[in-house]
Amino acid sequence: MADAQLPGSSSIIFTLVFLSALVLSLLLRLWLATRQVRHVAAHRAQVPSAFAERISLASHQRAADYTAARVHLGMLEMLAQAAWLVALTLMGGLQLIIVASSALPESLNWARPLALLVMVSVASALIDLPFSWWRQFRLEQRFGFNRMTPALFFADLLKGAVVMSVLGLPLAAAVLALMGAEGELWWFWAWCVWMLFNVTVLLVYPTLIAPLFNRFEPLPTGPVRERVEQLLAKTGFAAGGLFVMDGSRRSAHGNAYFTGFGRSRRIVFFDTLLNQLNADEIEAVLAHELGHFRLRHLIKRLIVMSAVSLAALALLGYLSQQTWFYEGLGTSPDPRTRDACAMLLFMLVMPVFGFLFAPLGSWLSRRDEFAADAWAAGITGPQPLVNALLKLYQDNAATLTPDTLYSAVHDSHPPAPQRIGRLLATAPAGASSSQLPASA
């Protein structure tokens, strides 16, 4: 039997680069998480002076404990995910799955790449399942947020798997077909398919997908609906409907959002949000969401996402042709599953390198949040949105004292002191002393 060939120097170099990036990103994330826990704990004993008149010490301490519990669970989860990534790549797990997929009959050669994708996806989902269960039925339950039953939890998992299969498998099959048939520029045509897929999902999500998981009822007539309709008329926003979602079936957290595209666009309020806020505050929250629309944040994000996905697919097109990419990550794929292996390795490995860009993404998102707040304050005045945010921070147990570095990397929304401070900076002179000052 011939001796196995040693991997080339390029493969060894890439292995070292990957390991270095994985260890660096893992240590950095753990360090940031530790900073967050320590910072929140250090400020647990006293409500920040700027919030002392509106937030009780008990609520502040509950938020600190909830934040610490979430971060601790997140640290365990990232360690498990890192171990799973190493097991799949450098320890040969993916190669074993490739061999298992080759056991399919020759008549099912066309199904081998999809079978490989499905097996890895199922295995990864099983790794994540204990953390999802603990988060829902231990952590969220402990702090009074969980409303979900085990039956609903597993029903959601099953429905999610079906939806992912119905949508994801045809998309994956189309991309794999392009990889095998369209030459060196297959990635450009795959990007076109990807963009068409995203637009299609935006169109069908409100009416076909979302109702599989939640009930949506028209927002009932009354003061809230009147205020919402007046705001929409004032801002010239055309919505395909105003709906209330039964978010309380799963969680006590509240939210509101836009969904859909074009004529399918809807405004959705969680029933928990309607119970938490009054009409003025709901109008202010909606004005914030309208601010994102009027300032074209959604379009800008779609453009950025399109550019990033095009660059990512171009990079995949290059890496899929490099032997060192496969060997450096512990695989030697069957030619029949090479394209699927390239796709899997890319999706597994790129987040390790992509973490370095997380602060930029968070900064761009926070910038948009500040802009949407300012737009809403110009429509409804700052105080209703301040009042709404204070209630939401308190009801959702969001910490008022996050670590600055942790927040800069992870938080898509500005910390409470900064956000409320900026809003109140726009308040007219002579505001009452019960309003929070601009600095916190």
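A few notes on this one:
- Output for the range 162-178, where each listed residue is surrounded by 15 or more Cβ atoms within 10 Å (Cβ to Cβ) and without any contact (Cβ under 8 Å) to a residue 24 or more places away in the chain: Gly168, Ala174, Ala177, Leu178
- Whenever a residue of the range 185-206 is modelled with pLDDT under 95, its partners that are aromatic (Phe, Trp, Tyr), lying with C-beta atoms within less than 8 angstrom and at least six residues away or across chains, give the pairs Val199/Phe261; Leu202/Phe261; Leu203/Phe261.
- Matching residues in the range 335-361 - criterion: being more than 18 Å from Val17 (Cβ to Cβ), buried (at least 16 other Cβ atoms within 10 Å of the Cβ) and of a type outside the set (Gly, Ala, Ser): Arg336, Thr337, Arg338, Asp339, Cys341, Met343, Leu344
- A single entry from Arg250, Arg296 fulfils the requirement of being basic (Lys, Arg) and crowded, with 19+ Cβ neighbours inside 10 Å: Arg250.
- Helices (runs of 4 or more DSSP H) wholly inside the range 44-151 containing at least 3 residues that are more than 30 Å from Asp403 (Cβ to Cβ): 93-101, 112-134
- Candidates are the residues of the range 369-394 that are surrounded by fewer than 21 Cβ atoms within 10 Å (Cβ to Cβ) and aliphatic (A, V, I, L, M); the one that is modelled with the lowest pLDDT is Leu392.
- Selected residue (only one of Val285, Val308, Val244, Val224 is among the β-branched types (Val, Ile, Thr), free of Cβ contacts under 8 Å to residues at least 60 places away in the same chain, farther than 30 Å from Gly183 by Cβ and part of a helix (DSSP H, G or I)): Val224
- Scope the range 329-356; condition touching a Leu at 6+ places or on another chain (Cβ under 6 Å) and without any contact (Cβ under 8 Å) to a residue 40 or more places away in the chain; matching residues: Phe346
- Unique match (being surrounded by 17 or more Cβ atoms within 10 Å (Cβ to Cβ), touching a residue at least 24 places away in the same chain (Cβ under 8 Å) and within 23 Å of Val162 (Cα to Cα)) among Leu117, Leu94: Leu117
- Only one entry in Phe213, Phe153, Phe197 is touching a helix residue (DSSP H, G or I) at 6+ places or on another chain (Cβ under 7 Å), surrounded by 15 or more Cβ atoms within 10 Å (Cβ to Cβ) and within 20 Å of Tyr257 (Cβ to Cβ), namely Phe213.
- Note on the range 211-242: among residues that are modelled with pLDDT of 90 or more and aromatic (Phe, Trp, Tyr), the one that is farthest from the chain's Cα centre (by Cα) is Phe216.
- Lone unmet requirement of (1) hydroxyl-bearing (Ser, Thr, Tyr); (2) more than 23 Å from Ala388 (Cβ to Cβ); (3) more than 21 Å from the chain's Cα centre (by Cα) for Ser309: (3)
- Residue match in the range 264-276 (condition: part of a helix (DSSP H, G or I), out of contact with any Asp or Glu (no Cβ under 6 Å at 6 or more places or on another chain) and farther than 30 Å from Asp395 by Cβ): yes
- Qualifying residue in the range 256-278 (condition: closer than 26 Å to Ser365 by Cβ, surrounded by fewer than 17 Cβ atoms within 10 Å (Cβ to Cβ) and touching a residue at least 40 places away in the same chain (Cβ under 8 Å)): yes
The values are calculated or read from the model by the stated rules, or taken from the named source; none is laboratory data. A quick note: this is a predicted structure, and the numbers were derived from the prediction, not measured. Counting neighbours? That spans all protein chains shown, and the Cβs are built from the backbone with ideal geometry, glycine included.
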